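To start, the structure itself, in structure tokens.
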Amino acid sequence: MIAGLDDLSLRDLIDKRASDAPEALFLTDPTTGETVTFEQLRDACQAVAQRVAREDIPTGSAIGYAMNNGAEAAKIILGLLYGGYLATAINLVSGQNTIDYVLEHSESRLVFCQSGTKSLLANSAEEVAVVEVDSKLFEAAADGLNGHAPKPETEGLLMYTSGTTGVPKGVVLTHANLLAGGVNTTIAHQLDRSDCGLCVLPLYHINGLCVTLLGALASGSGLIMPNRFSVSRFWDYLREHGGTWFSVVPTQISYLLNETVTVPHDRTGLAQLRFGRSASAPLSPDVQQAFEREFGIPIIETMGLTETAAQILSNPVDGLRIIGSPGIAYGNEVIIADEAQHPLPEGQEGELLVRGPNVMKGYLKNPQATAAALTEYGWLRTGDLGRMDGQGYVTITGRLKELIIKGGENIAPREVDDALYSHPDVIEAAAFGRPCDQYGQRVEAGVKLREGSHLSPQELIQICQSKIGAFKSPDQIHLLSELPKGPSGKIQRAKLPDLTV
């Protein structure tokens with residue numbers, strides 16, 4: 001842990017930053033031009049806490065945020081944490097069914113939104129109070145702040161992640177977990193107050209929230225936060241605001257590389273840029289090496305989970321970087337284990353297990369899933385298969401689960417299956433992941449239609465898009481006369497990629 005940050009809540013940390021460096025710049029929103037100092041951040045957080053308190057909502061209650069990136073979103077999220085509420089992330093691209101489920105399952109009492117995201121909450125308008133954010137919301141009153149200050153063990157964040165059953169699981173992270181996630185990033189990447197990160201990953205995703213936002217808060221450094229990722233503006237943001245590092249996913253690395261085919265990269269004004277960081281999905285070694293040749297900066301490959309407040313592994317900024325490996329452990333323990341949770345010898349394949357202060361409290365209202373994930377010895381089972389070398393570098397070799405990881409987002413095949421089965425012509429359906437240089441994996445599916453059906457693959461894709469959103473929907477559907485099955489009649493999903501080449 002960083003000196004002076006032991007046993008703090010996020011409220012304590014925000015107060016500390018406002019006291020130690022009130023005029024230091026924390027947030028720059030290049031989309032709106034707004035800037036936020038640490039003192040202004042504290043005041044805004046107090047105003048958010050007061051706004052929720054006026055609804056007579058008890059501390060600890062789930063309060064949602066359905067917002068695009070920017071200074072507004074950062075102040076809302078940190079304000080909910082400051083007030084001791086359970087900040088509940090609404091994934092804007094998860095599809096209407098998932099959004100409705102998250103609001104119902106979390107029992108969210110109130111949701112903060114923007115004009116462009118308000119329509120996503122229409123189905124829950126009667127059960128949930130919806131507050132559209134404007135500048136007046138952040139004007140703090142002189143008194144009335146909720147007196148129930150959160151503690152390190154207070155539940156702070158609820159973020160849903162897909163599971164193999166297709167039903168999203170609500171990951172509960174405490175203030176201590178969240179702070180550990182920010183500290184782990186700070187230590188691994190050697191961040192200090194002179195740094196300034198660029199956040200282009202959504203704050204409803206654990207990477208954008210814990211790595212960039214809380215990493216900056218933990219290190220007392222600055223953060224550039226536009227409303228979205230833009231290939232054409234990416235390098236300008238870093239130039240104009242003195243960015244020293246950025247965090248992206250492999251998809252975005254591919255987009256940035258692709259732009260240089262038509263627009264040569266200009267390295268001027270980027271001398272302060274120390275490194276880029278890649279996470280959320282495996283990074284192709286060929287893509288990483290091409291990026292480093294083209295842009296002249298190192299890419300630090302890392303690995304993290306929602307259940308671990310993001311980062312668990314990272315290559316060092318200074319020292320040995322192994323292409324194709326997400327690195328070594330920082331701030332937590334990791335082992336490669338057998339089924340009995342015993343560490344395996346160097347080079348042997350087993351399941352990656354994690355233990356440390358960043359590991360989640362559990363899954364909301366799901367004791368069975370919590371018990372399956374958190375072992376009696378304190379380890380979190382990640383579901384990833386890998387090997388570890390003699391220096392502690394991990395190589396991920398596969399997954400125990402069937403999750404499809406597209407652009408850093410987990411997609412449960414069952415969720416896609418259910419969308420396909422919603423059409424009466426579909427007799428059998430099974431989604432699967434196909435390796436993809438751009439997204440890590442893309443979604444495809446094998447489908448058997450009833451005899452005489454004229455339903456086309458494109459029509460099936462459109463059905464999926466209407467039910468679960470375009471991002472999770474298949475990029476390609478293969479119409480088959482029969483799907484492969486085992487002796488029990490269960491569809492063998494793992495055989496589909498070879499049958500649909």
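The values are calculated or read from the model by the stated rules, or taken from the named source; none is laboratory data. Keep in mind the model is a prediction, meaning the values are calculated, not measured. Virtual Cβ from ideal backbone geometry, glycine too; neighbours counted across all protein chains shown. Heavy atoms of the whole protein, side chains included, go into the accessibility calculation; ligands, DNA and RNA do not. Shrake-Rupley method; radii C 1.70, N 1.55, O 1.52, S 1.80 Å.
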*asked:* Check which residues have an amide H placed less than 5 Å from Met67's amide H, if you skip close sequence neighbours.
replied: Ile90
_segment 265-278 - phi-based ³J(HN,Hα) in whole Hz, Karplus 6.51/-1.76/1.60, Gly and Pro as x_ = 6, 9, 8, 5, x, 10, 4, 7, 6, 8, 6, x, 10, 10
*Would you please put 260-273, 214-227, 283-296 in order of how densely packed they are, using the mean number of other Cβ atoms within 10 angstrom per residue and starting with the highest?*
214-227, 283-296, 260-273
*What FRET efficiency would be calculated for the residue pair Glu34, Leu320, taking the C-beta separation as r and a Förster radius of 45 Å, to the nearest 0.05?*
0.65
*Where only protein heavy atoms count, and the probe is 1.4 Å, what is the accessible area per residue for the chain in Å²?*
40
*Residue-averaged 222 nm ellipticity for the chain, from DSSP H runs of 4+ at -39500 (n - 2.57), nearest 500*: -8000 deg cm²/dmol
*For Glu23 and Val261, what does the FRET efficiency come to when R0 = 51 Å and r is the distance between their Cβ atoms, rounded to the nearest 0.05?*
0.70
*Taking the DSSP beta bridges in the chain as the whole, what percent of them are antiparallel, to the nearest 5?*
60
*List, in order, the whole-Hz ³J(HN,Hα) value for each residue of segment 378-389 obtained from phi through the Karplus relation with A = 6.51, B = -1.76, C = 1.60 and θ = phi - 60°; use x for Gly and Pro.*
x, 8, 9, 7, 7, x, 9, 9, x, 10, 10, 8
*Which of the peptides 427-440, 341-354 is most tightly packed, and how do the rest follow, going by the mean number of other Cβ atoms within 10 Å of each residue?*
427-440, 341-354
_Net charge, Val359 excluded, C-beta distance under 12 Å - Lys, Arg +1, Asp, Glu -1_ = +1
*Amide H to amide H, which residues 5 or more places from Val111 or on other chains are under 5 Å from it, using H placed in the peptide plane?*
Gly64, Ala129, Val130, Val131
*Residue-by-residue Karplus 3J(HN,Hα) for segment 360-368, coefficients 6.51, -1.76, 1.60, Hz, glycine and proline x*: 3, 6, x, 9, 4, 6, 9, x, 5
*asked:* Give me, ordered by chain and number, the residues 5 or more places off Gly156 or on other chains with an amide H under 5 Å from its own placed amide H.
replied: Leu173, Thr174, His175
*asked:* Sort 19-27, 249-257 by the packing proxy (mean of other Cβ within 10 Å over each peptide's residues), most packed first.
replied: 249-257, 19-27
*Given a 1.4 Å probe and every protein chain left where it sits, what share in percent of the accessible area of the chain is carbon and sulfur?*
48
